[in-house]
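The values are calculated or read from the model by the stated rules, or taken from the named source; none is laboratory data. Bear in mind that the values here come from a model prediction, so they are computed numbers and not experimental data. Here the Cβ positions follow ideal geometry from the backbone for every residue, glycine too, while neighbour counts run over all protein chains shown.
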Amino acid sequence: MNFLITGGAGFIGSSLANKLLTKKHKVITVDNFNNFYSPQIKEDNVKHNINNPDYKLYRIDIESMDKLAEIFDKEEIDMIIHLAGRAGVRPSIEKPVDYIKSNILGTINLLELMKKHNIKKMIFASSSSVYGNCEADIFSEDLKVTEPISPYAATKSACEQFCYTYHKLYDINIICLRFFTVYGPRQRPDLAINKFTRLIEAGMPVPVFGDGTTKRNYTYIDDIISGIEGAIEYDKTPYEIINLGGGEVITLIDMVKILEKNIGKKAIIQKLPMQPGDVNKTVCDYSKAHKLLNYTPKTTFEEGIRKFIEWRRGL
């Protein structure tokens, strides 16, 4: 098959491209290499595939309809895996318009081109952030997500609705995957596990927001990729929203302790107030993913952190 991966040079996108190429698929990637973090990280993510005849890289922004349309005119595309967009809760509070343009407008551009070129399937990367400060013990897909607490979360929720609208109007099959805190090799440097690791190694203060009891359902990259592969194969229903998360819920302070154990060095904790937009917990119910996609997370948090540290050290 011919896959178009948006955000294809990023953490999840480049990992997915590698996996699809090993299975002899053709991969077309789109990425704007913006400066949200060092573009060199993305360059390193893709450089080993540049000369692969089954791999193409386009350095464009999905906000640009004209440039995006050129790719759709030129390439044969069977399925889109839409991972691109502005990431991060806290930066979205500072620059909400940028998030609206990239996440919502960029997604609509893709949907419009799918309509025009009769491309019938998209997998869209949504986020557990759409649940906001949900009071439920576990987050299942049937919960209402009408109270996002950051512009980032609001854009992801809006994109799910646009995906449904285009599915309904134009018979496009779409699976929205709500990712729960993905980590592992190539993780973005601004995310907590990567950032905290660097700070602990350097002997610098680690900012802990709140009392350390906030909880996250961390999901190892290999499990996320297996879930996306399941979504690629799934064809029983035309529109679904599906959680993809790990099997464990880890408090912030326990995450730091596990990092200390694997790094072999104590953290210097800097306690700070909770930040606007941060949720108190994410707790994934992945029973729907298990039922529809045969998804079961296999990597424990301890094992995933060990693999991440080994990757950082080049082991």
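Quick look at the numbers
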read-out: Output for the stretch 16-30, where each listed residue is more than 14 Å from E233 (Cβ to Cβ) and in a loop (DSSP other than H, G, I, E, B); value: K24
read-out: Check on S15, surrounded by fewer than 17 Cβ atoms within 10 Å (Cβ to Cβ), of a type outside the set (V, I, T), over 16 Å from G85 (Cβ atoms) and in contact (Cβ under 8 Å) with a residue 40 or more places away in the chain; value: no
read-out: A231 being within 26 Å of K19 (Cα to Cα), modelled with pLDDT under 95 and crowded, with 17+ Cβ neighbours inside 10 Å; value: no
read-out: Options D137, D142, D190: the member that is more than 26 Å from F3 (Cβ to Cβ) and without any contact (Cβ under 8 Å) to a residue 24 or more places away in the chain; value: D142
read-out: Single unsatisfied condition, P148 versus (1) surrounded by fewer than 20 Cβ atoms within 10 Å (Cβ to Cβ); (2) without any contact (Cβ under 8 Å) to a residue 40 or more places away in the chain; value: (1)
read-out: Residues satisfying the stated conditions in the stretch 243-265, i.e. free of Cβ contacts under 8 Å to residues at least 40 places away in the same chain and part of a loop (DSSP other than H, G, I, E, B); value: V249, G264
read-out: K195 being of a type in the set (K, R) and in a loop (DSSP other than H, G, I, E, B); value: no
read-out: Enumeration of residues in the stretch 248-261 that are surrounded by 17 or more Cβ atoms within 10 Å (Cβ to Cβ) and of a type outside the set (V, I, T); value: E248, L252, M255, L259
